[in-house]
1. Listing A:128, B:306, A:47 from the residue with the fewest other Cβ atoms within 10 Å to the one with the most, what is the order?
2. Go through segment B:135-141 residue by residue and turn each phi into a ³J(HN,Hα) via Karplus (6.51, -1.76, 1.60, θ = phi - 60°); whole Hz please, and just put x for glycine and proline.
3. Could you give the distance between the Cα centres of segment B:150-186 and segment B:213-247, to the whole Å?
4. Based solely on its DSSP helices, what 222 nm [θ] is calculated for chain B when runs of n ≥ 4 H residues each add -39,500 (n - 2.57) and the sum is averaged over all residues, nearest 500 deg cm²/dmol?
5. Counting other Cβ atoms within 10 Å, keep those with at most 15, restrict to DSSP loop, and tell me which chymotrypsin sites (Phe, Trp or Tyr not before Pro) in segment A:192-292 are left.
6. Could you tell me whether segment B:50-97 comes out rounded, prolate or oblate from its Cα gyration tensor? Rule is a ≥ b ≥ c as square roots of the eigenvalues, rounded for a/c under 1.5, then prolate if a/b exceeds b/c, otherwise oblate.
7. Quickly work out the residue B:198-to-residue A:174 label distance, labels modelled 7 Å from Cα along the C-beta direction, and quote it in nm with one decimal.
8. Could you put B:124, B:254, B:241 in order, starting from the residue whose Cβ has the fewest other Cβ atoms within 10 Å?
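A short reminder: the numbers here are calculations on the coordinates, not readings from a lab. A quick note: this is a predicted structure, and the numbers were derived from the prediction, not measured. Please note: Cβ atoms are built from the backbone with ideal geometry, for glycine as well, and neighbour counts cover all protein chains shown.
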Amino acid sequence: MADFSYIPQVLVSGLGIGCVYGLIGIGFCVIYNASGIVNFAQGAFVMLGGMLTQGLLQRYGLPLLPAALVAIAIVALLGVVLERVVVRPLWDRKATMFTMILATLAAQIVIERVTLLVGGDQPKTLPMFTDLPPIQVSGVAVSYQLLWIVGSSLLAVAALAAFFRLTRTGKAMRACAINREAAALQGIPVSRMLAAAFAISAALGAMAGILITPTQYTAFNVGVPFAISGFIAAIVGGFGRPFGAFLGGLMLGLVQSLAILGFGAGLKTVAALSVLLLFLFIRPSGLLGAAK
Amino acid sequence: MTSSLSITSPEAPRRSWLSWRVALPYGFVTAVVAYAAVAGGYPATVVSFALIYAVFVIGLNLFMGFANQVSFGQNAFAAIGGYTSAVLTATYGWEPLPAMAAGMLGAVAAACAIGYPTLRLKGHYLAMGTLAIGLIVYEITVEWQSVTQGYMGLSGIPPLGIGGYEITSDRGQLLMLAAVVAGATFLSARLRGSRIGRALSAVAGSEEAARALGIPVARYKLLAFLLSAALASLSGSLFVHVVGFVSPEVFGLHMVILTFTMLYVGGIGTIAGPVVGALIISLLPETFRGFKDYQDLAYGAALIVMLIYAPKGLSSLFSIRRRP
């Protein structure tokens with residue numbers, strides 16, 4: 001076991017990565033609530049967020065913030081395309097759940113390969129959003145990037161909460177989550193809600209990818225581990241509860257950081273996956289209980 | 001291969017065009033293997049790889065086609081088999097055959113330990129749980145550098161052989177693999193008609209109904225999982241002994257997509273489907289070589305199109321059995 005004095009520092013960085021997992025987990029829940037589909041291509045959105053922003057920065061010389069916003073918009077659009085091209089035809093044919101999973105997983109691979117062909121296989125990174133030395137808080141270094149991650153995540157969660165509670169579309173989506181048939185009878189265009197869910201979910205994924213990239217790196221193949229971590233977050237929070245998923249993400253981030261401290265960085269994915277298996281076997285309804 | 005034909009044909013209505021349709025996939029497989037055996041060299045290598053994948057897909061078909069279960073993590077067992085073979089022969093100087101047996105034993109033991117809790121899961125949980133198992137094994141092969149050499153991979157793995165005699169020629173390996181695939185196909189054909197196969201069909205149709213008929217559902221699911229893992233392990237071992245080299249990428253996520261594509265092209269739940277699918281998918285990119293980079297892209301796209309428009313696979317056209 002490593003030095004215990006690192007623990008506060010490790011917990012702080014775990015909080016950052018936890019927010020990112022939480023955002024991805026919310027993405028899973030938004031689609032699941034609108035349709036009952038678990039989108040296994042969620043990781044592609046995360047990867048594309050980072051890769052597109054990097055491309056826009058480097059190739060077109062956009063400043064960071066516009067580049068990030070454009071990337072999020074593009075990825076949200078891609079989410080709708082994915083829904084139209086892959087999910088909708090299967091949905092209309094009443095495909096089995098397994099077929100849907102396999103198709104979205106195949107879509108993940110296709111997006112990965114296209115990114116590999118266009119962007120190359122070299123890992124890329126983004127500059128820190130605010131390039132200043134970290135703030136020292138009683139011996140714990142808090143980087144500005146961490147503040148960006150936590151701040152933007154909380155803002156996104158708050159905006160999402162407001163969207164679901166206050167807007168017509170948000171309320172319609174919640175109605176779909178409760179009962180699709182009844183929602184359709186009330187005149188809610190259920191299929192359009194599905195497209196909207198993919199757009200929101202993709203935007204959240206892209207945002208997560210952009211926020212985390214400056215602290216590590218991004219490459220065509222980072223998506224699947226992020227997707228699985230997001231899925232774990234969603235499970236820990238009780239599948240279908242967006243805010244549970246955010247808490248689940250935070251918990252997973254903390255556990256993973258402690259695991260890195262204990263066993264080394266190489267096994268961080270193994271640690272996350274072990275949390276998943278543990279929850280699946282012992283408490284599949286999550287800490288807060290499943291939504292339905 | 002004709003021997004398994006005689007197993008399937010009694011259930012078919014005795015009309016000549018039907019048995020011709022049954023014979024067609026086997027004829028196709030025999031023709032391709034025979035051509036490769038005569039031509040030798042590069043065609044023999046391509047078909048050999050196809051046959052190695054066929055062993056894996058036959059195993060996948062037992063679990064997914066016969067028992068109608070879901071696993072995205074069978075590549076884990078191919079990795080266990082492959083790496084056990086590689087490490088025991090290259091590092092510890094074992095003979096290939098006992099190393100393969102050890103790999104298979106290890107894979108089945110792992111499948112038993114993993115399968116027992118995992119197979120109680122349903123739906124998305126089962127899918128993600130099995131996907132996680134594949135990833136855990138992948139990460140371990142990358143990180144356990146003292147044994148697996150990480151991304152560098154292990155080389156110097158001896159070819160298969162018994163005693164002093166080693167199969168080193170292209171043709172020899174091809175025929176050996178053809179024999180293994182024929183054996184595995186025969187096994188799956190026999191299994192299909194046996195008590196176990198009928199129980200699995202019942203489980204595939206409806207778990208509740210099967211349970212009501214007194215079939216121990218959990219035990220049969222686990223059995224199908226173990227058989228599937230054993231074949232995956234065999235395929236992993238064959239791969240490392242034929243190629244002489246192994247790295248984590250061999251058994252990565254792309255293997256999952258590739259083998260699912262093979263299974264769907266061939267026809268899920270059929271006897272000959274896995275072999276036909278493995279051959280078609282392996283031969284296709286060879287007809288337009290130079291597109292290596294686009295392979296996984298093409299497989300993924302083809303799989304999506306097939307799932308939408310031909311969810312039972314292309315060779316379901318040849319199948320006399322309707323899926324349960």
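1. Lowest count first: A:128, B:306, A:47.
2. Working through the residues one at a time gives 5, 4, 5, 4, 4, 5, 5 Hz.
3. Measuring centre to centre over Cα atoms gives 18 Å.
4. It lands at -23000 deg cm²/dmol.
5. Filter output for segment A:192-292: A:217.
6. Judged from the Cα gyration tensor, segment B:50-97 comes out prolate (a/c at least 1.5, a/b above b/c).
7. Simple spin-label model gives 5.5 nm for this pair.
8. The most exposed by this proxy come first: B:254, B:124, B:241.
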